[in-house]
Amino acid sequence: MRAVEYDAVVDDRDVQVRLSIGVGETVALLGPNGAGKSTVLNVLAGLLEPSSGDVLVDGRSLAGIPPHKRSVAMLAQEPLLFPHMSALENVAFGPRSAGVDKRAARDAAHQMLADVGVGELAARRPRQLSGGQAQRVAIARALAAKPSLLLLDEPMAALDVEVTPALRQTLRTVLEDRTALIVTHDALDALLLADRVVVIERGRVVEEGPTRVVLSQPRSAFAARIAGLNLVAGSWDGHAVVHPSAAVTGLAADSPPSSGGEAVAVFSPTAVAVYDVEPHGSPRNTLAAVIASIEPLGDRVRIRCEVGDLRISAEVTPASAAELDLTPGTSVYLSVKATEVTVHSA
């Protein structure tokens, strides 16, 4: 059963998206900036009217229904708590607005604050809360209204990195068995919080599926990027994925793509070796490249390269980077064994 059926067009933003969310399912909506993610959220929340199409929540059309009557709650990057109310009063606001009596609303608010780990902060005003504490109160407020659909717009983007893991764990707990759509640019958020992923680019759905499948076997450039993988898209000639800038051989993940059909080759930056002269030897892909940028990445160095109009990343040790004297603008050869490349039908 589907709790949400979204099939709407917003002409002036050139966004045409169709997606569904099952009862109790969390779906992550991924895509680059400007892809249309916020447009989808705003249509669901009632902040934007679609040009055509419809949105159903629990089988009810939301056409013409104002935001406060949709049973849809939005959790934004900023907590947006009422500054003149305590944490408890903020959380009780939703039930009170729905007609719940004061005592029952306060009891529910106390329980919800405890569920998100800030029960002891009930009496504090928003200005007395840290960023992480305020966002937990905002989560409790959103859930206290018992929405049919919870929308989360990068809920951890504005928080300090040391706060994020604990809040992510809180969300993982409270989202269980709830119907939710979360917009994020963080692969870890998607992996830990979402059952499925929908990827949109330029206002269209380009990929969707179970989270771990999409992030381990991406078929779109953005999904590969967020998963930290290299992706070469082109046509399958029976031996390699052929792109105007390169041909990459690899092993088919499932059934081989049809000859001439669209396909993608996916491989990890850790599988890419960097040389200053063209290597030879075992079956491998060798690509002439120019270094675009170099950046530290823990105990490794991430080398971002240009292969024609392709962008390929490699990870090497600091010692290797120093030995090869790698700098932006340097011409190099990238090598990856065919056994390290997975090919999928696009």
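The values are calculated or read from the model by the stated rules, or taken from the named source; none is laboratory data. These figures come from a predicted structure and were not determined experimentally. Ideal geometry is used to build each Cβ from the backbone, glycine not excepted, and the neighbour counts take in all protein chains shown.
The figures follow:
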{"item": "One residue from Val316, Val336, Val332, Val301 being in contact with a Phe, Trp or Tyr (Cβ under 6 Å, 6 or more places away or on another chain) and in contact (Cβ under 8 Å) with a residue 12 or more places away in the chain", "result": "Val336"}
{"item": "Tabulated pairs, segment 162-174, first more than 16 Å from Asp195 (Cα to Cα), second assigned to a helix (DSSP H, G or I) and of a type outside the set (S, T, N, Q), C-beta under 6 angstrom, 6+ apart or interchain", "result": "Val163/Gly132; Leu167/Gly132"}
{"item": "Any pair with Cβ under 7 angstrom, 6 or more apart, that starts in segment 1-18 at a residue that is assigned by TED's automatic domain parsing to the domain that holds Arg178 and ends at one that is among the aromatic types (Phe, Trp, Tyr)", "result": "Val17/Tyr6; Arg18/Tyr6"}
{"item": "Residue under evaluation Ala123, criteria (1) among the small types (Gly, Ala, Ser); (2) touching a helix residue (DSSP H, G or I) at 6+ places or on another chain (Cβ under 6 Å); (3) in a loop (DSSP other than H, G, I, E, B), criterion not met", "result": "(2)"}
{"item": "Filtered residue count, segment 118-128, keeping only those that are crowded, with 19+ Cβ neighbours inside 10 Å and either touching a strand residue (DSSP E or B) at 6+ places or on another chain (Cβ under 9 Å) or in contact (Cβ under 8 Å) with a residue 40 or more places away in the chain (or both)", "result": "1"}
{"item": "Residue count for segment 293-339, restricted to those that are out of contact with any Pro (no Cβ under 8 Å at 6 or more places or on another chain), crowded, with 16+ Cβ neighbours inside 10 Å and in a helix (DSSP H, G or I)", "result": "2"}
{"item": "Top-ranked residue of segment 40-55 - restricted to ones that are in contact (Cβ under 8 Å) with a residue 60 or more places away in the chain and surrounded by 22 or more Cβ atoms within 10 Å (Cβ to Cβ), ranked as nearest to Pro147 (Cα to Cα)", "result": "Leu44"}
